[in-house]
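Any read-out appearing in this document is the output of simple, stated calculations on the displayed coordinates, not a laboratory observation. None of the values given here were measured: they were computed from a predicted structure. Ideal geometry is used to build each Cβ from the backbone, glycine not excepted, and the neighbour counts take in all protein chains shown.
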Number of protein chains: 2
Amino acid sequence: MNQSNKQFSALRGAARNSPESGIVEVINYGREREGLIPLWAGEGDLPTPQFICDAATRSLAAGETFYTWQRGIPELRQALADYHNRHYPGNFTDERFYVTGSGMQAIQVAIQSIAGEGDEIIVPTPAWPNFTAALELNGGVPVCVPMRFGNKGWQLDLEELFDAVTDKTRAIFFNSPSNPAGWTASLDELKAVLDFAREKGIWIISDEVYNRFYYGDSEYAPSFYEIVEDDDLILFVNTFSKNWAMTGWRIGWISCHPRLGGVMENIIHYNTSGVAAFMQRAAVTAVEEGEEFVRYQIARAREGREIVREALSKSPRIRFAPPDGAFYQLFQIEGFEDTSKLGLQLVDEANIGVVPGHAFGPGAEQFNRLCFARDADQMREAMRRLMDWVAKIS
Amino acid sequence: MNQSNKQFSALRGAARNSPESGIVEVINYGREREGLIPLWAGEGDLPTPQFICDAATRSLAAGETFYTWQRGIPELRQALADYHNRHYPGNFTDERFYVTGSGMQAIQVAIQSIAGEGDEIIVPTPAWPNFTAALELNGGVPVCVPMRFGNKGWQLDLEELFDAVTDKTRAIFFNSPSNPAGWTASLDELKAVLDFAREKGIWIISDEVYNRFYYGDSEYAPSFYEIVEDDDLILFVNTFSKNWAMTGWRIGWISCHPRLGGVMENIIHYNTSGVAAFMQRAAVTAVEEGEEFVRYQIARAREGREIVREALSKSPRIRFAPPDGAFYQLFQIEGFEDTSKLGLQLVDEANIGVVPGHAFGPGAEQFNRLCFARDADQMREAMRRLMDWVAKIS
């Protein structure tokens, strides 16, 4: 055995087999390309607003550089309660909210709190790959239930979802509006899922990160907050990344019944031991003063969605449906159903960054994802490059 | 079953049983006490130096608020390589270093990379409780090997350590200089441990966080860097918290053979997806320009250690030995060997914060830990309060 194999094979299997994210693969490939328009990551082109950054700067200048509350500073937990009271039905207290070092970590903490070796969690796909990868890293088993793309766009068959439950099932991971499909459950669908979970005694992990980015008739996508009761087995995971353009900060939160809070705090403690106080000050400012910015971002995403719709509609070779929520567009190019290297090819040949669908698990392997939360002119230019490339390869 | 039990008992066992840190317990109890001198946490009283904070502020102002490299920005990885080349034997490249969201996370990533359900890791105790708690959260089993306190201070019997190996052993966690005992392995002891690990084919996780805080004849405590070879199974975990007074920032690093880097990056990705770029800029400045500050902190800790030594020596009822490294003092008060509530009692009755030894696993249950990395006047006042209390309860 050579030395390389010796160290590598001494790693734990679940670590050795942990997949490189198909998103990161493309980004690492094209990161330094001159003039490339990056539609690959789940972030827009706006930096965090100045007034949010300023709050962090003030806190740093005031010397808030020491250890702080593992569960989050009281001011941020209260600000999150106030935010939820403003935007969702129910009566939220600060004791529901636990600050995490990213939405990703909120998911990790949720997984660690309910699922270990051999436990199954059901995941409608296509899905953001990080959930299944995080679960596998914890020894758990993702059970994917593929959506189907048809005349009505992306559809999830709830009967298939329910049929996937076994005696090892611990939870359903539910991301609505979804990344990458933009699929958005109706309130009736949420009710059906909740009823089913109650009956089976399994958890729901609800990732409502994109709840505000909704293109339907109301201001918000349907939310489990509208129907949950006090004793439901549900954990909400969320992030500051999208609403407030804070992707790079790595701050998120878990919302759960306060009686589970001690466990959440301990798990956070043994993962990263909390979030920098000066970052949390910025998050407080974001939640308390950032509503106008959130609405601006949503309007911008709506315009980006329309630009994409118009562009893609021009070619009969492209299959897609405008998403109901989130800020991604899945699209399939006739003749390029094998997308395994298409992301890298589009970097080289069209100078745009998109993610091949195989990165998102079963269901969208023949599609590609782009993020349209960008400046309208850039979106137009990106779509021009894409459609020129499509025309050229015809 | 009442509702409270229903949710709580639906959690995963390892989550439900995850212990509250004995350190956090005391801190949460006494955090708001007026005038309390906190010697409980592993941090000093100096905020992060201005020049380090300024680097973060500049980065924020420049709009570095987007997603960045999961493995750490190239500049920080290079700065870490340069730092190690200045301070340790060997030839370090940037490819050895993976930036983590705290030293705690470096430990989590190390555990996740080598140990899962049922795997054992040997831990000399007393030890910082977070390692064993993090291991248990991952389904692993800590096997504690208690040190003993005698006339020569704290001693670890290497034969006992080696005898603890079973066919389930995946690693030895080695923290020298140690928190909380300040016990510091000699180079011969490190060699013996490394030889043993090589023979058995098990990993070493080396936590050398306190390597620079050493009160022996040389400027550094003995380090595994002095003896490791290219193909050894070893992961180094470290943090910016102590050397550069950045406890609240939550930045650390893993150092490992570059061939393991892809795995480290993936695990980081599925835990928190990297560290804020503007925090990493501050870390670059810390490593590149912070050497004078590190030396100042070490000198300060040395003085704190002496103040503690002088004070504790005055009572025949106190058992202790000045530590060889790190910046903690363990001490036992005759008649108060049951320390289970002593930390809370000293908050109430002496207005100082110390941590009872039971927080650190087997070996130091009858001792208490204080941190002496503080201003000399404050340390004198804290020791006056402690010794007055000891005199009063006699």
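Rank A:Gly353, A:Leu190, A:Asn271 by how far each Cα sits towards the positive end of the charge dipole of chain A (+1 on Lys, Arg Cβ; -1 on Asp, Glu Cβ) and give me just the farthest.
Of A:Gly353, A:Leu190, A:Asn271, it is A:Gly353.
Expressed in nm to one decimal, what extension gain is obtained for the pair A:Ser315 and A:Glu75 from 0.36 nm per residue of sequence separation less their Cα-Cα distance?
So the extension gain works out to 81.3 nm.
Run through the other copies and list how far each one's label point is from that of B:Asp45, in nm with one decimal, shortest first; the point sits 7 Å from Cα along Cα-Cβ.
When each copy's label point is compared with this one, the spacings are 5.2 nm.
Rounded to the nearest 20 debye, what is the charge dipole size of the protein assembly as shown about its Cα centre when +1 sits on each Lys and Arg Cβ and -1 on each Asp and Glu Cβ?
Roughly 480 debye for the protein assembly as shown.
Give the longest segment of chain A that steers clear of trypsin sites (Lys or Arg not before Pro) in DSSP loops with at most 16 neighbouring Cβ atoms within 10 Å, not counting the sites themselves.
A:169-313
Which ³J(HN,Hα) values, rounded to whole Hz and listed in residue order, are derived for the stretch A:109-122 from phi using the Karplus coefficients 6.51, -1.76 and 1.60 in 6.51 cos²θ - 1.76 cosθ + 1.60 with θ = phi - 60°, glycine and proline given as x?
5, 4, 4, 4, 7, 10, 9, x, 3, x, 6, 9, 10, 8
Have a look at the DSSP beta bridges in the stretch A:50-288 and tell me what percent are antiparallel, nearest 5.
Antiparallel bridges make up about 40 percent of those DSSP assigns within the stretch A:50-288.
Obtain the nm distance between the two label points defined at A:Tyr29 and B:Glu199 by a simple spin-label model: each point lies 7 Å from its Cα along the Cα-to-C-beta direction.
Output for this residue pair reads 4.9 nm.
Would you mind pulling out the separation of the Cα centroids of the stretch A:272-301 and the stretch A:188-224, in Å?
Measuring centre to centre over Cα atoms gives 23 Å.
Which chain A residue hugs the A-B rotation axis most tightly by its Cβ, and what is that distance in angstrom, to the nearest whole number?
Taking the axis that maps A onto B, the answer comes out as A:Glu117, 2.
Sorting A:Tyr225, B:Tyr296 on the 10 Å Cβ count, fewest up front, what's the list?
Least crowded to most crowded, the residues run B:Tyr296, A:Tyr225.
Modelled label-to-label distance, B:Gln50 and A:Val165, 7 Å Cα→beta-carbon offset: nm?
6.2 nm
Give the residue list of GluC sites (Glu not before Pro) in the stretch B:223-266 that are DSSP loop and have at most 14 other beta-carbon atoms within 10 angstrom.
B:Glu229
Take B:Ser394 and B:Arg58, extend 7 Å from each Cα along the Cα→Cβ direction, and tell me the distance between the two endpoints in nm.
Label at B:Ser394, label at B:Arg58, 5.6 nm between them.
Does the stretch B:212-298 classify as rounded, prolate or oblate by the C-alpha gyration tensor (a ≥ b ≥ c root eigenvalues; a/c under 1.5 gives rounded; else a/b over b/c gives prolate, otherwise oblate)?
Oblate, because a/c is 1.5 or more while a/b does not exceed b/c.
Report Rg(Cα)/(2.2 N^0.38 Å) for the stretch B:63-288, keeping two decimals.
0.98
Please state, to two decimals, what the Cα-based radius of gyration of the stretch B:265-394 comes to when divided by 2.2 N^0.38 Å (N = residues).
1.33
Using the alpha-carbon centroid of each, what span in Å lies between the stretch A:238-253 and the stretch A:91-153?
Using only Cα atoms to place each centre, the spacing works out to 17 Å.
What's the FRET efficiency of A:Leu158 with A:Glu226 using the Cβ-Cβ distance as r and R₀ = 25 Å, to the nearest 0.05?
Efficiency computed from Cβ-Cβ geometry: 0.90.
Can you tell which of B:Gly325, B:Ala127, A:Asn151 lies farthest toward the positive end of the dipole of the protein assembly as shown, using +1 and -1 charges on the Cβ of basic and acidic side chains (Lys, Arg; Asp, Glu)?
Most positive-ward Cα: B:Gly325.
List, shortest first and in nm to one decimal, how far the label point of A:Glu32 (7 Å from Cα along Cα→Cβ) is from its counterparts in the other copies.
The projected label point of A:Glu32 is separated from its counterparts by 5.3 nm.
Given +1 on the Cβ of Lys and Arg, -1 on the Cβ of Asp and Glu, and no further charges, what dipole in debye does the stretch B:63-288 carry about its Cα centre, rounded to the nearest 20?
Charge dipole of the stretch B:63-288: 680 debye, to the nearest 20.
Under a point-charge model restricted to the Cβ atoms of Lys and Arg (+1) and Asp and Glu (-1), what is the dipole moment magnitude of chain B relative to its Cα centre, in debye to the nearest 20?
The dipole of chain B has a size of about 940 debye.
Can you give me the pair-distance distribution of the protein assembly as shown, C-alpha pairs, 20 Å bins, whole percents?
16, 49, 29, 5, 0
Indicate the gyration tensor shape class of chain B (rounded, prolate or oblate), computed on the Cα atoms with a ≥ b ≥ c the square roots of the eigenvalues: a/c under 1.5 is rounded; otherwise a/b larger than b/c is prolate and the rest oblate.
The shape class here is rounded.
Just to confirm the numbers: B:Gly216, label point 7 angstrom along the Cα-Cβ line, distances to the other copies in nm, shortest first?
6.6
Express in whole angstrom the spacing between the alpha-carbon centres of the stretch B:344-394 and the stretch A:44-87.
33 Å
Please compare each pair in A:Lys242/B:Lys6; A:Lys152/A:Lys314; B:Lys314/B:Lys341 to a cut-off of 30 Å on the Cα-Cα distance and tell me which ones are over it.
Long pairs (Cα-Cα over 30 Å): A:Lys242/B:Lys6.
For each of A:Phe240, B:Phe66, count neighbouring Cβ atoms within 10 Å of the residue's Cβ, then give the residues from fewest to most.
B:Phe66, A:Phe240
Give a residue-ordered list of calculated ³J(HN,Hα) values for the stretch A:220-235 (Karplus: 6.51 cos²θ - 1.76 cosθ + 1.60, θ = phi - 60°; whole Hz; x for Gly, Pro).
In residue order, the calculated couplings are 10, 5, x, 10, 4, 4, 6, 10, 5, 10, 4, 9, 5, 8, 9, 10 Hz.
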